[in-house]
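Nothing in this text is a laboratory measurement; each read-out follows from the coordinates by a stated rule. Since the model is a prediction, treat every value here as computed from it, not as a measurement.
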């Protein structure tokens, strides 16, 4: 193989790694988990005056638990269905196959 082919393969591996690293599910899930922990702690340590303001519903606790569940859902989704970078053959075929014949017009 030529140096050019090795360089292309290396860039493809780096691209796949970058796609997994910057998966939006990781960012959203991580933020929801962090904020969920903070809000849950605030709900656990709520005073009677705080509960009376919310008509005896510990809204911080319920909201924190919901945020934790949503964040864990996003992180589990990311683990179960990881991002797969498209193969170079697929992207080249998709770009070349749609030109001209898909317009549906005849002259």
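Details
- Relative contact order for segment 25-83, counting Cα pairs under 8 Å that sit 6 or more residues apart, in percent: 53
- For segment 25-83, the square roots of the Cα gyration tensor eigenvalues, ordered a ≥ b ≥ c, give a/c of at least 1.5 with a/b greater than b/c, which places it in the prolate category.
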